[in-house]
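Visitor: First the structure, which I've put down as structure tokens, then a few questions once you've had a look.
The values are calculated or read from the model by the stated rules, or taken from the named source; none is laboratory data. None of the values given here were measured: they were computed from a predicted structure. Using ideal geometry, Cβ is built from the backbone for each residue, glycine included, and neighbour counts are taken over all protein chains shown.
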Amino acid sequence: MQTSTRPTDPAPAVTAPVRAEDRPAARGVMRPGDRVFLGLSRGAGILLLVIMAAIAVFLTYRAVLAIGKDDGNFLTTFEWDTGVVPARFGIAVLAFGTLVSSVVAMALAVPVAVGIALFLTHYAPRRLAGPIAYVIDLLAAVPSIVYGLWGALVLVPHLSGLYGWLDTCFGWTGVLSWQGGAPRSLLTVGILLAIMILPIVTNVSREVFRQVPRMHEEAALALGATRWEVVRMAVLPFGRSGVISASMLGLGRALGETMAVATVLSPSFDIRASLLDPGGGTFAQNIASKFNEATEFGQDALIASGLVLFVITLLVNGAARLIINRRTEYSGAHA
């Protein structure tokens, strides 16, 4: 007699009951914690916009009071009678000095910072990379006035030899000609600003290079690439947007630096072709040095110059944001 051999159904698994608080929230229904977090984050964003708008309104209102009394062109004037002692300064001169010193600082600092970041993340042994990174972090915490004192007492007296060499080798260009005198020029300011922004650019670039997917580097090595080829083909393309962001952070500090520039620079209100000639000025340095002794109209004029710096900073950061958005394909993530 043949018996049936049908497989029996397996016993149903016993599962623990799901608590109500562990069930996924229905669509459109938010938990109290999510609502609180959303409100706080949204409020923080709105507060930031309100603060930026308040600053812009204040600067614009005070600047209009001064610009309305200007008989010439506000942006291109070299001698604007502001009621400040001394009584004149030029917006064009301050814009030129601010941009030139910042560009010099970026040209000197960014390549060195990227090189240090690559060395710490891909070349240096761990026991050496740690102390170097710690020293760089300490440099970022040094107050700007300390940099200014060091620049005035140590850097300026020792730049005469460099200035003489630049004049001998490149003086024919006119941009690096030197007529003698104390090296308190825009080039000195650029060198000092480069030292100040170096830790910022280095630290951000180092953290970006650490985020490069390990598989990308191993794939390049498996194809026979050298270490430099790995850096060039895998690391730098991935971290390009991060390096741009780091550079813009450093540029923001260079544009607004005050005390260090005021300590090193010999201010004057004319534009000179050579970066080695003493003189020049920046917006932040001019405002800090003259605000206390200015008349009411002079303060409005100084605030008007601050509005120009505010607009320049916004334009620079906006341009950086556009560049980063165009480079998101290199990072593997979307901003």
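Visitor: Mind listing whichever residues of segment 223-272 are under 28 Å from residue 209 (Cα atoms) and acidic (Asp, Glu)?
Guide: Of the residues in segment 223-272, the ones under 28 Å from residue 209 (Cα atoms) are 223-257.
Matches in segment 223-272: 229, 257.
Visitor: Of all residues in segment 103-160 being in contact (Cβ under 8 Å) with a residue 40 or more places away in the chain and aromatic (Phe, Trp, Tyr), which is farthest from residue 179 (Cα to Cα)?
Guide: Restricting to residues being in contact (Cβ under 8 Å) with a residue 40 or more places away in the chain and aromatic (Phe, Trp, Tyr), the top hit is 123.
Visitor: Further, regarding this structure: Across segment 139-170, what is the total count of residues that are surrounded by 15 or more Cβ atoms within 10 Å (Cβ to Cβ) and not aliphatic (A, V, I, L, M)?
Guide: Going through segment 139-170 one residue at a time, the tally reaches 8.
Visitor: Suppose we filter segment 280-300 for residues that are over 18 Å from residue 262 (Cβ atoms) and of a type in the set (A, V, I, L, M, F, W, C); how many remain?
Guide: Selection size over segment 280-300: 1.
Visitor: A follow-up question, please. Could you list all residues from segment 176-192 that are β-branched (Val, Ile, Thr) and surrounded by fewer than 24 Cβ atoms within 10 Å (Cβ to Cβ)? Before the answer, list the steps.
Guide: Let us first name the residues in segment 176-192 that are β-branched (Val, Ile, Thr), namely 188-189, 191.
Hit for segment 176-192 is 191, nothing else.
Visitor: Just a yes or no: is a residue in segment 135-158 small (Gly, Ala, Ser), more than 22 Å from residue 106 (Cβ to Cβ) and either at pLDDT 85 or above or in a loop (DSSP other than H, G, I, E, B) (or both)?
Guide: Of segment 135-158, the ones small (Gly, Ala, Ser) are 140-141, 144, 148, 151-152.
Right, trim to more than 22 Å from residue 106 (Cβ to Cβ) and you get 152.
Okay, now just the ones that are also either at pLDDT 85 or above or in a loop (DSSP other than H, G, I, E, B) (or both), so 152.
So far as segment 135-158 goes, yes, one or more of its residues are small (Gly, Ala, Ser), more than 22 Å from residue 106 (Cβ to Cβ) and either at pLDDT 85 or above or in a loop (DSSP other than H, G, I, E, B) (or both).
Visitor: Separate question: Take residue 57 and decide whether it is within 20 Å of the chain's Cα centre (by Cα) and either among the hydroxyl-bearing types (Ser, Thr, Tyr) or at pLDDT 85 or above (or both). Step through it out loud before you land on a result.
Guide: On the way: within 20 Å of the chain's Cα centre (by Cα): no; either among the hydroxyl-bearing types (Ser, Thr, Tyr) or at pLDDT 85 or above (or both): yes.
It is false that residue 57 is within 20 Å of the chain's Cα centre (by Cα) and either among the hydroxyl-bearing types (Ser, Thr, Tyr) or at pLDDT 85 or above (or both).
Visitor: Given the condition surrounded by fewer than 13 Cβ atoms within 10 Å (Cβ to Cβ), farther than 20 Å from residue 282 by Cβ and modelled with pLDDT of 85 or more, answer yes or no: does some residue in segment 95-111 qualify? If you could, list the steps in order and put the result at the bottom.
Guide: Going residue by residue through segment 95-111, those that are surrounded by fewer than 13 Cβ atoms within 10 Å (Cβ to Cβ) are 107, 111.
Checking which are farther than 20 Å from residue 282 by Cβ leaves us with 111.
Add one more test, that the residue is modelled with pLDDT of 85 or more, and what stays is 111.
So far as segment 95-111 goes, yes, one or more of its residues are surrounded by fewer than 13 Cβ atoms within 10 Å (Cβ to Cβ), farther than 20 Å from residue 282 by Cβ and modelled with pLDDT of 85 or more.
Visitor: When you scan segment 193-283 for helices (runs of 4 or more DSSP H) that lie fully inside it, which ones turn up with 1 or more residues that are within 18 Å of the chain's Cα centre (by Cα) and surrounded by fewer than 19 Cβ atoms within 10 Å (Cβ to Cβ)?
Guide: Numbers: elements: 214-222, 227-230, 236-256, 259-264.
Hits in segment 193-283: 236-256, 259-264.
Visitor: Next question, about the same structure. Quick check on this structure: which one of 76, 15, 3, 8 is within 16 Å of residue 311 (Cβ to Cβ) and either modelled with pLDDT under 75 or surrounded by 15 or more Cβ atoms within 10 Å (Cβ to Cβ) (or both)?
Guide: Working: 15 fails: within 16 Å of residue 311 (Cβ to Cβ); 3 fails: within 16 Å of residue 311 (Cβ to Cβ); 8 fails: within 16 Å of residue 311 (Cβ to Cβ).
Of 76, 15, 3, 8, the one residue that is within 16 Å of residue 311 (Cβ to Cβ) and either modelled with pLDDT under 75 or surrounded by 15 or more Cβ atoms within 10 Å (Cβ to Cβ) (or both) is 76.
Visitor: Okay, next question. What single numbered condition from (1) farther than 19 Å from residue 310 by Cα; (2) at pLDDT 85 or above; (3) not hydrophobic (A, V, I, L, M, F, W, C) fails to hold for residue 247?
Guide: If we test residue 247 against (1) farther than 19 Å from residue 310 by Cα; (2) at pLDDT 85 or above; (3) not hydrophobic (A, V, I, L, M, F, W, C), just (1) comes out false.
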